[in-house]
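Right, one structure below, let's go through it.
We did not get these values from a lab; they are worked out from the coordinates using the rules stated. Only a predicted model underlies this, so the values are computations on that prediction, with no experimental measurement involved. Quick reminder, even Gly has a Cβ in these numbers, built from the backbone with ideal geometry, and neighbours come from all protein chains shown.
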Amino acid sequence: QVQFVESGGDLVHPGGSLTLSCAASGSILTFYFMAWYREPPGKERELVARIGNGGETYYLDSVKDRFTIARDNAKNTLSLQTTRLKPEDTAVYYCSIFPRLPEDTWGQGTQVTVTV
């Protein structure tokens with residue numbers, strides 16, 4: 001099973017930017033959709049963005065025009081460029097495939113905290 005390691009999270013002020021990275025232990029080419037999810041404190045995990053092998057993308061309404069997802073199948077990596085961050089973007093961010101299977105495990109995630 002391919003595993004994912006997320007990195008790049010940090011504590012930033014509102015309006016700041018971060019680029020999150022995800023490294024896969026194997027090929028991601030076989031997964032048509034790759035995605036970023038997040039789990040805000042006290043809330044359920046949600047899909048933030050996904051990208052297909054054809055480059056097609058989907059974004060959660062609240063992050064449209066602020067976040068950009070990208071994938072590099074040759075390097076087996078996924079990234080999420082975040083800009084104009086808001087306190088409500090505070091969450092642990094995870095990368096994974098989409099859709100997920102019940103037996104799929106999560107990585108450790110990377111913490112993004114947006115605070116004044």
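Computed on the chain, with alpha-carbon pairs under 8 angstrom and 6+ residues apart, the relative contact order is 37 percent. Simple spin-label estimate for residue 70 and residue 23 gives 1.8 nm between the two label positions (7 Å along the Cα-to-Cβ direction from each Cα). With Cα atoms as the point set, the radius of gyration and Dmax of the chain evaluate to 13.3, 41 Å.
Annotation for residue 2 and residue 61: the two label points, set 7 Å from Cα along the Cα-Cβ direction, are 3.1 nm apart. Need the list of aspartates and glutamates near residue 86 for cross-linking: C-alpha distance under 17 angstrom, and skip anything on the same chain fewer than eight residues off. Hits, sequence-local ones excluded: 10, 39, 46, 61, 65.
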